[in-house]
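Trainee: Sending over a structure as structure tokens; questions will come in a sec.
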């Protein structure tokens, strides 16, 4: 079951190069990308057609919706969605505003990512989404390396036609043992503008605690030349609905390794939180959160701040059967 599903995910995931929007121009990009031709039949999902001379790396997943509809199509069965905030970064450790500055994990962050992976090692994963920032990518890779299925996470390169062509996999057996890792700048941390690189305590001393708290915790007030949480949510939730939900509808199991504010934005959408509720939501680094997608609805099965094993491993029947299958494979 897991092998065939993951193979389909790897052989069918061909992600778009997204053009910049007005918000995109204000946020940081992981890479400059070339625009590729789009499938004429792909309804506003940003799907890219592979040329005839290449095999596609994502079979377009169509949502049977009119563009103006906001409902989610229902499908029998269920899919797992795992959310993980990256482990501690070097600038977290130094108490600096990080935002879209691309800094790696500390040793503590590495260990947090490994522990997160152990918590989800019995939950199926067919495709991984992460931001364009290294701390989220490190977390995704380290977590997936702990999975009992021992499949190899492989970054999908769609920066250009050459990058895609040079990273092709020509062994079907190798594809079966691989999981695509999709990087998207839309999942990046909130861009903190002129606060990036500043010490949080020194900034509070300079501008006042109330002003800094407003920049950090208000929903619609951005720091100087930066993003508000509302602006971050616009790009992150749009990407989630356009690219990740179709995979869940198709029966694939997804993991998102991203950042505090981009994940808070997605959780706000999933849990239908208000703008006042989301600003008080705290996400611990390296603690996975599990949702079940079933019949067009998201059911939360683990607390974003709760490290208890019972919360993370709140199994449905299908997940319990998957774990039993792993037990039989690796006894």
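A short reminder: the numbers here are calculations on the coordinates, not readings from a lab. Computed from a predicted model, the values in this text were never measured in an experiment. Neighbour counts run over all protein chains shown; Cβ positions are idealised from the backbone, glycine included.
Trainee: Compute and list, largest first, the equivalent-ellipsoid semi-axes of the range 68-187 from the alpha carbon gyration tensor, each √(5λ) rounded to a whole angstrom.
Mentor: That gives 25, 19, 18 Å for the three semi-axes.
Trainee: Next question, about the same structure. Pull up the DSSP beta bridges for the range 77-329 and report the antiparallel fraction as a percent, rounded to 5.
Mentor: 45
Trainee: Given Cα pairs under 8 Å that are at least 6 residues apart, what percent is the relative contact order of the range 197-261?
Mentor: That works out to 16 percent.
Trainee: I need the peptides 244-255, 277-288 ranked by packing, meaning the mean over residues of other C-beta atoms within 10 angstrom, with the highest value on top.
Mentor: 244-255, 277-288
Trainee: Provide the three semi-axes, in whole Å and in decreasing order, of the ellipsoid equivalent to the range 77-329 as defined by the square roots of 5 times the Cα gyration tensor eigenvalues.
Mentor: Over the Cα atoms of the range 77-329, the ellipsoid semi-axes are 31, 21, 17 Å.
Trainee: Quick one: if you take sqrt(5λ) for each eigenvalue of the C-alpha gyration tensor of the range 147-220, what semi-axes come out, biggest first, whole angstrom?
Mentor: 43, 15, 10
Trainee: Sort 145-152, 261-268, 289-296 for me by packing, meaning the mean count of neighbouring Cβ atoms within 10 Å per residue, highest on top.
Mentor: Answer by packing, highest mean first, reads 261-268, 289-296, 145-152.
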